Amino acid sequence: MNTRTASLTQTTSTLHSFFASNFARFAILVAAVSSIGVSSFAQNNATTKPKTNDPAATATITIVKARTPTDVVREFYKAMREKRFREAFAMTIFHPAVEPLSAQDYEDLRPEFERIAGVVLDQLIISGEQISGETATVFGKFTEEDVNEAPKPVTLTRAGGMWIIGDAASRDEIKKQGKEYFFKARIETHHSEVKAVLQRIAVAQLVYAQKNNGRFGDLNALVREGLVPADVLTSETTGYDFRVTVGKDGKTYIAGAEPVRHNRTGRLSFFMDATGMRFEDNGGMPLKKK
């Protein structure tokens, strides 16, 4: 969203949770491409040639220096910030879910990914690193949300002799789901965001009615009064179309939200009036008042 709304706060909170805890959810880091080459994080190569005229000894000698957990975290966030998404994902447990994505899948998921990349700090603040066997934790401040908070942990695990971001248990689950993991995670996040937006609309209606002799307002009216953000009028952030219909006397209203693309941006349809909210899978069609 263009303003700091409740749904955006939840989205960035999901990002923070994703990076800072166990990477079990990845709602808005949903982008990549169908093929990923050798990732730059895997090695730091220094090449030298022996000083000899012997043809048998002229082959380039490659010295490989393994990246530390802190190196990987720095490189990951740098790649994210610079929108080098392929390289960023190759440094994480999401590699198995990234590889199968088609070019269209990537374009479909890119907007969420770019919004998340936009909150990464230009200069990370790394405060520590702990290694215990095949797992590691890097502590620091990585996003705009972290600036005024205590350092957050990023978990890493060793795979194939290299450190990757994420934990082993989540990695196994991602392997099972493949590319559908991204879409399922996005749908779940969108569902949570839609609930938050509708709850905000309900509060906004109460405030609006107090100022307008008990009459409720439509969505445009709520936006004009600054009670809900302007971008609730679009589906860009949540993948849902929102609507508010006010009764002829202005004393009643109903609100609803449907996914722009059923089973891609969302699965549930939502209905809300003064009595509460309900939701169900209605094939992407609006729910009616019971």
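Derivation of every value follows stated rules applied to the coordinates shown; laboratory data play no part. These numbers come from a predicted model, not from an experiment. Positions of Cβ are backbone-derived with ideal geometry, glycine not excepted, and every protein chain shown enters the neighbour counts.
Of the listed pairs Lys78/Lys195; Lys211/Lys248; Lys175/Lys288; Lys152/Lys176; Lys176/Lys288; Lys184/Lys248, which have alpha-carbon separations greater than 30 Å here?
Violating the 30 Å Cα-Cα cut-off are Lys78/Lys195; Lys175/Lys288; Lys176/Lys288; Lys184/Lys248.
Work out the length of the dipole vector of region 63-154 about its Cα centre, built from +1 on the beta-carbon of each Lys and Arg and -1 on the beta-carbon of each Asp and Glu, and round it to the nearest 20 debye.
So the dipole magnitude of region 63-154 works out to roughly 320 debye.
Which order do Tyr106, Tyr77 fall in if you start with the one that has the fewest other Cβ atoms within 10 Å?
Lowest count first: Tyr106, Tyr77.
In debye to the nearest 20, how big a dipole does region 186-280 give about its Cα centre with +1 on each Lys and Arg Cβ and -1 on each Asp and Glu Cβ?
Using only the charged Cβ atoms, the result is roughly 120 debye.
Select from Pro259, Gln210, Met277 the residue farthest towards the positive end of the dipole of region 186-280; place +1 on Cβ of Lys and Arg, -1 on Cβ of Asp and Glu, and compute about the Cα centre.
Comparing the listed Cα positions along the dipole, Gln210 ranks first.
Give me the distance between the Cα centres of region 75-123 and region 153-184, rounded to whole Å.
That distance is 14 Å.
Enumerate the calculated ³J(HN,Hα) couplings along region 190-198 in order (Karplus 6.51 cos²θ - 1.76 cosθ + 1.60, θ = phi - 60°), each rounded to whole Hz, writing x wherever the residue is Gly or Pro.
4, 4, 5, 5, 5, 4, 5, 5, 5
Over the Cα atoms of region 69-141, each weighted equally, I'd like the Debye log10 I(q)/I(0) at q = 0.11, 0.16, 0.19, 0.28 Å⁻¹, rounded to two decimals.
-0.32, -0.65, -0.85, -1.33
Tell me, what does the Kirkwood hydrodynamic radius of region 186-280 come to in angstroms if you use every pair of distinct C-alpha atoms?
It is 13.3 Å.
Straight distance only, please: which aspartates and glutamates reach the Cα of Lys251 with their own Cα at less than 14 Å, same-chain residues fewer than 8 apart left out?
Candidates past the 8-residue exclusion: Asp218, Asp273.
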